[in-house]
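Trainee: Structure incoming, see below.
Taken together, the values in this text are just the output of simple stated rules run on the coordinates, not laboratory data. Since the structure is predicted, the reported quantities are computational estimates derived from the model, not experimental observations. Glycine also receives a Cβ, built like all others from the backbone with ideal geometry; neighbour counts cover every protein chain displayed.
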Amino acid sequence: MSNKGNGKSILLLIGGLLLIAAALSLTVYNVADGWRAGWSAQKILAQMETGEVETVRDSGSEEETIGQEEESESWTAVIPVDGNDYMGVLELPDQGLTLPVMNQWSYPKLRTAPCRYQGSAAEGNLIIAGHNYERHFGGLKKMEPGEPVVLIDAEGNRYDYVVQKVEILESTAVEEMEAGEWDLTLFTCTVGGRSRVTVRCSQVNGIK
C-alpha cells in the first residue's frame, strides 16, 4: 500500500476515535448533569419543608412575561427557594421520585427542577414540563396506565391522580400536547428533542 493510502487510513482512524471520544464526553456530561439535577432537587425539597408560603401573581412562563407590564388578576401560593418560586411537590411513587415543581417555567429553570408549564391543580388543567434527566422526567416513558401520581401544593393541599395513557408526540405538536380535558399532564422531550413523552392523568380524589 502506498504512503498516501496509509496516511488516509490513519486520518480516518483518528477521525473515528475523535468522534467516539466526543460521544463519550457528551454521555459523561449528560449523566453528571443528571446527577447534579437530582441532588439539587433533594436539596430544594429540604428547604421547602422549612420555607414560608407566599402568594405571587400568576403570570405564565418566564419567556411570556419578559417585557410585559400588565398584571395578572390570579394568584398562586408558592414557597420561595434560592430566588425561585415553587408551587408544590410532585410524587411518582412507582418511579421512586419526589420532585419540587417551579411555578414558572423557562428552559434554564428546567435544568434545576420540573416546572409548571400552564394551568393549575385547582382548575384541573395542570401541565408540568420536566427535563429528561433520569432523576427528573427521564422515566416518564416507563410509566403505565394505573400508576399513581400525587401533587401536594404549597399550601399542603393534596391531589391524587392516576395515569390514563402515555403518548409519544412530535416535538412540534404543541397544540396536541396542550389539548384534551386532562386533570394533569406531564411531559418531557426525548434525547435529541425529536419527540415528546406525554403522560395523561385523571384526578381520583378531591382536595385533602
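Trainee: Working out 0.36 nm times the residue gap between residue 205 and residue 50, then minus their Cα-Cα distance, what length gain in nm do you get to one decimal?
Mentor: Roughly 53.1 nm would be gained on extension.
Trainee: DSSP loop GluC sites (Glu not before Pro) in the stretch 71-147 with at most 11 other Cβ atoms within 10 Å of their Cβ, which ones?
Mentor: For GluC sites (Glu not before Pro) across the stretch 71-147 that sit outside H, G, I, E and B with at most 11 neighbouring Cβ atoms in 10 Å, the list reads 71, 73, 123.
Trainee: Counting every Cα pair in the stretch 90-151, what percent are over 13 Å apart?
Mentor: Everything past 13 Å amounts to 61 percent.
Trainee: Still on this model: If you stretched the chain out fully between residue 190 and residue 106, how much longer would it get, using 0.36 nm times the residue separation minus the C-alpha to C-alpha distance?
Mentor: Roughly 28.5 nm would be gained on extension.
Trainee: Say each of residue 125 and residue 164 gets a label point 7 Å from the Cα, pointing the same way as Cα to Cβ; how far apart are those two points in nm?
Mentor: According to this spin-label approximation, the distance is 1.5 nm.
Trainee: While we're looking at this one, here's another question. What is the packing order of peptides 181-188, 125-132, taking the mean over residues of other C-beta atoms within 10 Å and listing the highest first?
Mentor: Top to bottom by mean Cβ count within 10 Å: 125-132, 181-188.
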